[in-house]
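The values are calculated or read from the model by the stated rules, or taken from the named source; none is laboratory data. Because the structure is a prediction, the values reported are computed rather than measured. Ideal geometry is used to build each Cβ from the backbone, glycine not excepted, and the neighbour counts take in all protein chains shown. Surface areas here come from the heavy atoms of the whole protein model, side chains and all, with no ligands, DNA or RNA. Shrake-Rupley method; radii C 1.70, N 1.55, O 1.52, S 1.80 Å.
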Amino acid sequence: MKLKDILSPFTAWKHVVKEPVTIKDPQSREGAERYRGFHKNDIESCIGCGTCEDICQNEAIDLVPVDGIETKDGDSGLRPMIDYGRCCWCALCVDVCTTNSLSLSNHFTWVDEDPDAFRFIPGVDKKAWDNEEKGWKKPEPNYELYGTERVHMPELHAEDRDKSFIEFVTGYSKQQAEEEADRCVECGICTATCPAHMGIPEYIKAIRNDDLEEGLRILYETNPLPEICGRICTHKCEDVCSIGHKGDPLSIRWLKRYIADQNPSEKYKEILNAGNVENNGKKVAIIGSGPSGLSAAYYLALTGYDCTIYEKLPEAGGMMRYGIPEYRLPYDQIDKDINYILSLGVKIEYNVNIGTDITLDKLKSDYDAVFAGTGLHLGRSTRIPGSDHKDVFFATDLLREISLGKEIQVSEKIVVIGGGNVAMDITRSLARLQNNKFGKVDVTATSLESEDIMPADREEVVESREEKAIIDPGWGPTSIEIENDKIKGLHVQKCLSVFDESGRFSPKFDEKDTKFFEADMIVESIGQGMDIEYINPETRDQIEFDPRGRIVVDEYFQTGAKWLFIGGDIIQGPDVIHGIANGHKAAIGIDKFINQDG
Amino acid sequence: MKNKLFKITEDRSQFPEKNADGKIDIDLSSHKYLKLWQGPQHPGITGNMALELTVLGDEVMHCETHVGYLHRGFEKLMERRKYIQCFPIVCRVAVPEPDFNEYCFASAMEELAGIEIPEMAKWLRTLVLEMSRLQSYLMWIGGQSGAFGSGIIGQWANYLRDLVLDRFEELTGGRIYHMYQLPGGVRGLLPDGFKERMEETLQTIEKFMGDIDKVMFNNAVFKKRSVGIGYIDPAWINKFGITGPNARAAGVAKDVRKDYPYLKYADLDFDAIVGKDSDIYTRADVRRKDLLLSIDLIRQIFAKMPEKGDIKAKTPNVLHWKVPKGETYSRAECTRGEYGYYMVSDGTEYPRRINVRGPSYTHAIALLEKMIINTNIADVAGLMVSLHTYPPEIER
């Protein structure tokens, strides 16, 4: 012990004359720039996906309905409510938010005499910190809690595919599929939007668990055509995928295809535990073997109905076979789905035209109910001068001829009018045929809609260009020039806008800005119409039509003629997934109708 | 100088009398012995824990430790949480040093999943671990001097710790629970001007450490009460699993940062701080030097770390991250010794087992029960703080 040790502690006295270090008013102290304080939510960009609720380990977040926010495609209509009796301000909800709408302010003091006040809906219940800029936001850059980039789908190169109708999308490998499936946050926004309400997060989970048989069972719960939908579905699910808000949406369609591709058709019955339903003695006739008819037949067959499909053409599938080119949807994959449905006891009569070969009345008397999914097979014409020329074709007719194996007229210079997927289908089909016939491609597709609002899928446009077709959108056709009974080309004028302010079709043109597409053959692909000649006048009288001439059905697709159910493209769509959803719902309706009747 | 002011306690080893086996018969009915509870609510205990002391006069004859007063079942809780949901939990295992939990948890996961985190994230993790060490020692130093009756060091140290917490708040968004070291990386780069503000903080701490030297370490009262008391025999080190400053003060250079360099410690220039007398004073001194070493290391990190870089590696979707089947042990040197996470994954989205190895378990139970015998009651608090134990870490 030294004397210094006794004296040195007294140096502490020097602090007596120094300023105290204590903060006198901690409440007015501002939190740091990144402070994890109270929650804010941009209610407009929030889609109520519930990912914040999922990640919260304290179960502090509940998704609740909010007045004034409606459920719609891509928005659950719910918003997160946060309970500060549970929250630990880890901000994982912010980091995982799919739309970056959720953030934390740097406010950290809040006094209230009502304990319930601390359970609130950020962004809806107005708070003092709502407009505070500072606070925790998702870290940037390269900080993601899940993959935001899509796993690239392997495809054949343009030069390997532009001469043949071979399928060019080759499909995911196991590793690729699992990597893509991993990106899903299981929000279910897709399920709500899908017309068939498929269990999308569930089958994606089955891929992650490498349980593809379970995946197939989930698919067949709502969709008996997974091989087909896995290739050509219009994937409304992907359009609303919550991951798409700050990255690429999940390739839901390709994942569905992966499950269907990986399960061999001979094991379907065993996996789906099918084929052991007793016939209930009731008979249903189905007109048309398109997606809605097949779907209705499948679900009716599962419940024991004896179904017979009447098909006008020599093979089943409707527009799926006769409207979609083989390079997008190979025939053997159509057969795989259809053969499984037929293996459950569904009968099919080919080359039978209802209305001429068999009357609808005959079906009415022979069967307990009739479902009609006859689709849109009539091409619509632009009706511009010259459109009645023999070298002007409808896209649907040409596509059907190609599928039937017939040789169609292919000229050296072709113009396609239309900007939808059917237009792209015929453009790319003709490009392939031209390439084979002339060794070069000269086909131009032109549409009213400018490129940013073209109804065709973006990848269709890109791939068409890769295959050397010209896509020149934003023009309205005015006339077809004909010289010596031969088509010289198509006159067009600039289209300024397609829809008016209220969203109705009312195109406006700039008559001075014109263009001439040289061509010796023109294909019109501006939509299709229905042909319901087979419905006899008495029945037609019972059916209700809306002012625009469309058939009115109830939620089970039952028409005014109670025994007749109509679904598919005629009612909704046009696309495959609506047809499947209609068929399923109609099957339920038919079951209800027959059982009540009996 | 011969000590005339303070009379050294006489040799009391003759009390109490031992029986023929050399053991003491504690018979409470003799009224010679008294049961005395220190804790669970007691300022002389670090946290909620109880020491059931049997005393003879003012001397401790026997001690049993009782824990369980703040058991929150972290380990079991984590078995029912997805991995990412454990991330906000782990920091709560040890309030004064959340970052070591975060690091061990994240690195165990990364090891099992085979993920290499970006260089920048490694530097930032090293930085927060050193910052955490700094603030934890500042908290300890107040407790150590407080246990021996000096309140002023605690006042200063809390102020200094607050300055470090301010820096934590800037960097991580939180003062106490930082939740910064996410599996796969970290949650943010250094904010603008952070290095300058940190340097200012370090200089303030250094200045106050000079005062603390004078008032605490060069203080007759402190020396009187700490020198020669609470001796840890170097032979016990491996037997009791003693790590950190408790081992280093006994001359055993155990430092995970040196022995098994993790993160960027291999790139930093330092030596493990070692003492030799192994008493309360030496342990305090080792910690003081370790605190100053942390300041030096933070400066080295700032000088060596890159300006830019990725903060997070690509990981599977955290909402259903299946960590590959396997088991691992991940460790780090915290202020109290070796902190470790033993993690077992069965390949599902949930951890099968997570065992937290907090150094307090060995220090505050087995070691304390042995060391405390023959200690004066008044020294029990000081002895316990000198082991730098923390009960929540015992009850995971």
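Past 18 Å, Cα to Cα, is the threshold; run B:23/B:239; A:282/A:562; A:437/A:468; A:236/B:314; B:207/B:304 against it and keep the listed order.
Pairs exceeding 18 Å: B:23/B:239; A:236/B:314; B:207/B:304.
Evaluate E = 1/(1 + (r/R0)^6) for residue B:259 and residue B:328, where r is the Cβ-Cβ distance and R0 equals 25 Å; express this FRET efficiency to the nearest 0.05.
Once rounded, the FRET efficiency stands at 0.90.
Relative to 2.2 N^0.38 Å, what does the C-alpha radius of gyration of segment B:168-237 come to as a ratio? Two decimals please.
Relative to the 2.2 N^0.38 Å estimate, segment B:168-237 comes out at 1.76.
Only helices at least 24 Å long along their own axis, judged from Cα atoms, and with Kyte-Doolittle mean hydropathy of 1.0 or greater: name those in chain B from DSSP H.
Qualifying helices: none.
Over the whole of A:1-14, what's the average partner chain Cβ count within 10 Å per residue? Rounded to a whole number, please.
Average per residue, whole number: 6.
Given only helices, namely DSSP H runs of n ≥ 4 each adding -39500 (n - 2.57), what is the per-residue ellipticity at 222 nm of chain B, to the nearest 500 deg cm²/dmol?
-12500 deg cm²/dmol
Quantify how strongly other chains surround peptide B:183-191 by giving the mean number of their Cβ atoms within 10 Å of each of its Cβ atoms.
Per residue, the average neighbour count from other chains is 3.
Within segment A:368-407, which trypsin sites (Lys or Arg not before Pro) sit in a loop by DSSP and count at most 12 neighbouring Cβ atoms inside 10 Å?
The qualifying sites are A:383, A:390, A:406.
Compare A:145, B:70 by solvent-accessible area with a 1.4 Å probe and give them largest first, with all protein chains kept in place.
Listed by decreasing accessible area, they come as B:70, A:145.
Within segment A:228-307, which GluC sites (Glu not before Pro) sit in a loop by DSSP and count at most 10 neighbouring Cβ atoms inside 10 Å?
A:278
Please check which bits of segment B:189-205 a label hung off residue A:18 would reach, taking the label as a point 7 Å along Cα-to-C-beta and the cut-off as backbone N under 17 Å.
The answer is B:200-205.
Does segment A:39-136 come out rounded, prolate or oblate, given a ≥ b ≥ c as the square roots of the eigenvalues of its C-alpha gyration tensor, rounded meaning a/c under 1.5 and, failing that, prolate meaning a/b above b/c?
Since a/c stays below 1.5, the shape of segment A:39-136 is classed as rounded.
Restricting to the protein assembly as shown, compute how many DSSP beta bridges are antiparallel as a %, nearest 5.
Around 65 percent antiparallel, to the nearest 5.
How big is the B-A contact in terms of buried accessible area, both chains counted, 1.4 Å probe, rounded to the nearest 100 Å²?
Chains B and A together bury approximately 4000 Å².
Can you return the aspartates and glutamates within cross-link range of residue A:362? Criterion is Cα-Cα under 18 Å, with same-chain partners fewer than 8 residues away left out.
Cα-Cα hits under 18 Å: A:306, A:311, A:349, A:533, A:538, A:541.
In sequence order, what are the phi-derived ³J(HN,Hα) couplings for segment A:35-43 according to the Karplus relation 6.51 cos²θ - 1.76 cosθ + 1.60 with θ = phi - 60°, rounded to whole Hz, with x for glycine and proline?
In residue order, the calculated couplings are 4, 8, x, 7, 6, 10, 9, 7, 5 Hz.
Filter the cross-link list B:264/B:325; A:336/A:592; A:205/A:246; B:82/B:264 down to pairs whose alpha-carbon distance in this structure exceeds 24 Å.
Checking Cα-Cα distances, B:264/B:325; A:336/A:592; B:82/B:264 exceed 24 Å.
Assuming a ≥ b ≥ c are the square roots of the Cα gyration tensor eigenvalues, decide whether segment B:237-279 counts as rounded (a/c under 1.5), prolate (otherwise, with a/b larger than b/c) or oblate.
In terms of gyration-tensor shape, oblate.
Averaged across the residues of A:80-92, what count of C-beta atoms belonging to other chains lies within 10 Å of each residue's C-beta?
Neighbouring Cβ atoms belonging to other protein chains average 3 per residue here.
Could you look at segment A:152-212 and say what percent of its accessible area is carbon and sulfur, using a 1.4 Å probe and all protein chains?
50 percent
Can you give the accessible area per residue of chain A, in Å², using a 1.4 Å probe?
45 Å²
Does a label point 7 Å from the Cα of residue A:472, set along Cα-to-beta-carbon, have any residues of segment A:488-513 with amide nitrogen under 11 Å, and which are they?
A:490-493
What do you get for the angle between helix A:212-222 and the principal long axis of chain A? Use alpha-carbon atoms, 0 to 90 degrees, nearest ten.
It is inclined by approximately 70 degrees.
Quick check: convex hull over the Cα atoms of the protein assembly as shown, volume per residue in Å³, rounded to an integer?
243 Å³
Mind checking which lysines have their Cα closer than 25 Å to the Cα of residue B:18? Skip sequence neighbours fewer than 8 apart in that chain.
In chain and number order, the partners are B:32, B:35, B:370.
Starting from the Cα of residue A:407, step 7 Å along the direction of its Cβ; do the same at residue A:508; then give the gap between the two resulting points in nm.
Inter-label distance under the simple model: 5.0 nm.
With both partners inside segment A:379-528, how many of the DSSP beta bridges are antiparallel, as a percent to the nearest 5?
For segment A:379-528, the DSSP antiparallel bridge percentage is about 60.
If packing is taken as the average number of other Cβ atoms within 10 Å across a peptide's residues, how do A:528-538, B:177-187, A:80-90 rank, most packed first?
Ranking the peptides A:528-538, B:177-187, A:80-90 by packing returns B:177-187, A:80-90, A:528-538.
FRET efficiency for residue A:518 and residue A:173, Cβ-Cβ distance as r, R0 = 35 Å, nearest 0.05?
0.20
Give the residue list of trypsin sites (Lys or Arg not before Pro) in segment A:454-506 that are DSSP loop and have at most 14 other beta-carbon atoms within 10 angstrom.
Hits after loop and neighbour filter: A:504.
Pairing the Cα long axis of helix A:291-302 with the longest principal axis of chain A, what angle in degrees results, from 0 to 90 and rounded to the nearest 10?
The angle comes out near 80 degrees.
Go through B:218-230, B:307-319 and give me the packing order, highest mean Cβ count within 10 Å leading.
B:218-230, B:307-319
For chain A, what is the relative contact order in percent, using Cα pairs closer than 8 Å and at least 6 residues apart in sequence?
Computed value for chain A: 12 percent relative contact order.
Indicate the residues belonging to segment A:164-191 that lose 30 Å² or more of solvent-accessible heavy-atom surface (probe 1.4 Å) upon moving from the chain alone to the assembly of all protein chains, ignoring ligands and nucleic acids.
Going by heavy-atom accessible area, the residues of segment A:164-191 that drop by at least 30 Å² are A:182.
What is the percent carbon and sulfur in the accessible area of segment B:76-357, measuring with a 1.4 Å probe over the protein chains and ignoring ligands?
Carbon with sulfur: 49 percent of the solvent-accessible area.
Once you put a point 7 Å from the Cα of residue B:221 and another 7 Å from the Cα of residue A:388, both along the Cβ direction, what distance in nm separates them?
For the pair residue B:221/residue A:388, the computed spacing is 11.5 nm.
Using 1/(1 + (r/R0)^6) with R0 = 30 angstrom and r between the beta carbons of residue A:155 and residue A:197, what's the FRET efficiency to the nearest 0.05?
Result of the calculation: an efficiency of 0.50.
Using a ≥ b ≥ c from the Cα gyration tensor of segment A:167-302 (square roots of the eigenvalues), is it rounded, prolate or oblate, where a/c under 1.5 gives rounded and otherwise the larger of a/b and b/c decides, a/b for prolate?
Here segment A:167-302 falls in the prolate category.
Placing +1 on the Cβ of each Lys and Arg and -1 on the Cβ of each Asp and Glu in segment B:76-357, which of B:238, B:313, B:297 has its Cα farthest towards the positive end of the resulting dipole?
Result: B:238, furthest along the dipole toward the positive end.
Take the Cα atoms of segment A:379-528, build their convex hull, and give its volume per residue in Å³.
109 Å³
Which value, in debye to the nearest 20, describes the size of the charge dipole of chain A about its Cα centre when Lys and Arg Cβ atoms bear +1, Asp and Glu Cβ atoms bear -1, and nothing else is charged?
Magnitude of the dipole: close to 940 debye.
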